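For reference, the structure discussed in these notes is given below.
The values are calculated or read from the model by the stated rules, or taken from the named source; none is laboratory data. It should be emphasised that the depicted structure is a prediction, and the values quoted were computed from it without experimental measurement. Heads up, the Cβs are rebuilt from the backbone with ideal geometry, glycines too, and the neighbour counts pull from every protein chain shown. Ligands, DNA and RNA are excluded from the accessible area calculation, which covers all protein heavy atoms including side chains. Shrake-Rupley method; radii C 1.70, N 1.55, O 1.52, S 1.80 Å.
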Amino acid sequence: MARTLFVHVDESGNPSKGSYYVVAATWCLSERDRANEVLRHTADELKTIAESALHGSQTLSELKGAALPVAVVNTTVGCLNQVEYDDPTIEQTRLPWGITYPIRLSVHAVNPDIGNDVLTDVIGNFDESVQALKTLALCSVLNPIFQPTHVDLRTVDSMCVVLDSAVWQNPAEKVATVLDRAADEVPPIEFDTRDSKDAAGLQVADVAAYSWARHQRKGDCETAVETLHPLRFAKK
């Protein structure tokens, strides 16, 4: 069966203002051809853990890091390594990276106030600068596909980059245009924008992005970050 490398991308913070903006991408390999199936088991298990940590006070329709108390975020993300190995929707062997984690992570963080000031000076238009900042963030989290020491694309038949909602449409189109020119280096890549309720992988990316950003701001997501850190392609 065809092996598709799925990359689910979500963000935390506001790309147009503030002191933090984090984009996180979760990577996994799957023989499923429907994005809404991939990582469903992992997201459902993490949701169950979050509901248990809430002591039955709330039923969650989906995982949203910003909607959870920080203690619950730490508990939930801290269990990722316990549930990812039981997920039948993703490959557990013959992975395109050197270590045996079935889920990997890439993260991009920037101060949007400073970043947009710099880009506006160059571009001359604030709205276009915000789109440029998002586009560069997307390029950053997708960079491992151009690093053979990080991802061995020879074992991958295709790629699907799943983004949270239509706000990513403009950056996705720009990055797709560039990747089309790199067709000799990468497998066929599809960009798919979805609502997070319809794509479980986006919910996993959501709690990753939120906990990473929260720890940068408050320093109180240590358990979550300690779980996520080994999953990154670049650990420094």
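What is the local net charge at Q203, summed over the other residues whose Cβ is closer than 12 Å to its Cβ (Lys, Arg +1; Asp, Glu -1)?
Values: positive: R40, K47, K64, R194, K197; negative: D10, D44, E45, E62, D164, D195, D198, D206.
Net charge around Q203: -3.
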Largest first, how would E31, E84, E91 line up by accessible area (1.4 Å probe)? E31, E91, E84
For every other residue with a beta carbon closer than 11 angstrom to the beta carbon of N36, add +1 if it is Lys or Arg and -1 if Asp or Glu, then tell me the sum. 0
Considering only protein heavy atoms, what is the solvent-accessible area of F6 at a probe of 1.4 Å, reported in Å² to the nearest 10? 10 Å²
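Considering only protein heavy atoms, with the full assembly of protein chains and a 1.4 angstrom probe, order M1, M159 by accessible area, largest first.
On the way: M1 170, M159 5 Å².
Listed by decreasing accessible area, they come as M1, M159.
In this model, which of K17/K134; K17/K64; K64/K218; K134/K197; K17/K47 are farther than 24 Å apart at the alpha-carbon?
Working: K17/K134 12 Å; K17/K64 21 Å; K64/K218 18 Å; K134/K197 22 Å; K17/K47 30 Å.
In this structure, K17/K47 exceed 24 Å between Cα atoms.
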What translational diffusion coefficient, in µm²/s and rounded to a whole number, does the Stokes-Einstein relation yield for segment 58-186 at 20 °C and a viscosity of 1.002 mPa s, taking the hydrodynamic radius as the Kirkwood radius over Cα pairs? 121 µm²/s
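Would you mind counting up the charge near W97? Only other residues with Cβ under 10 Å from its Cβ, with Lys and Arg at +1 and Asp and Glu at -1. Working shown, then result.
Details: positive: R104; negative: D152.
Once all neighbours under 10 Å are counted, the net charge is 0.
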Relative to 2.2 N^0.38 Å, what does the C-alpha radius of gyration of the chain come to as a ratio? Two decimals please. 0.98
Which residues does the label zone of R217 cover in segment 46-71, counting backbone N under 20 Å from a point 7 Å along Cα→Cβ? 63-71
Using a 1.4 Å probe, what is the accessible area per residue for the chain, in Å²? 46 Å²
Rounded to the nearest 10 Å², what accessible area does R3 show when all protein chains are kept and the probe is 1.4 Å? 10 Å²
Using a 1.4 Å probe, how large is the accessible area of K174, given in Å² and rounded to the nearest 10? 110 Å²
If you average 1/r over every pair of different alpha-carbon atoms in segment 117-192 and take one over that average, what Kirkwood value in Å do you get? 13.6 Å
What one gets for segment 35-124 as the Kirkwood radius, inverse of mean 1/r over different Cα pairs in Å, is 15.8 Å
Length-normalised contact order of the chain in % [C-alpha pairs under 8 Å, at least 6 apart]: 33 percent
Apply the Karplus curve 6.51 cos²θ - 1.76 cosθ + 1.60, θ = phi - 60°, to the phi angles in segment 119-136 and return the couplings in whole Hz, x for Gly and Pro. 5, 5, 4, 7, 8, x, 9, 5, 4, 5, 5, 4, 5, 5, 4, 5, 5, 5
Can you tell me how much longer the chain between D184 and E128 gets when fully stretched, taken as 0.36 nm per residue apart minus their C-alpha distance, in nm with one decimal? 17.1 nm
Let me check something: with ligands and nucleic acids excluded, how do I114, I123 order by accessible area (1.4 Å probe), largest to smallest? I114, I123
C160's amide H: which non-local residues (gap 5+, or another chain) put their own amide H closer than 5 Å, with H modeled 1.01 Å from N in plane and none for Pro or chain starts? L5, F6, V7, E190
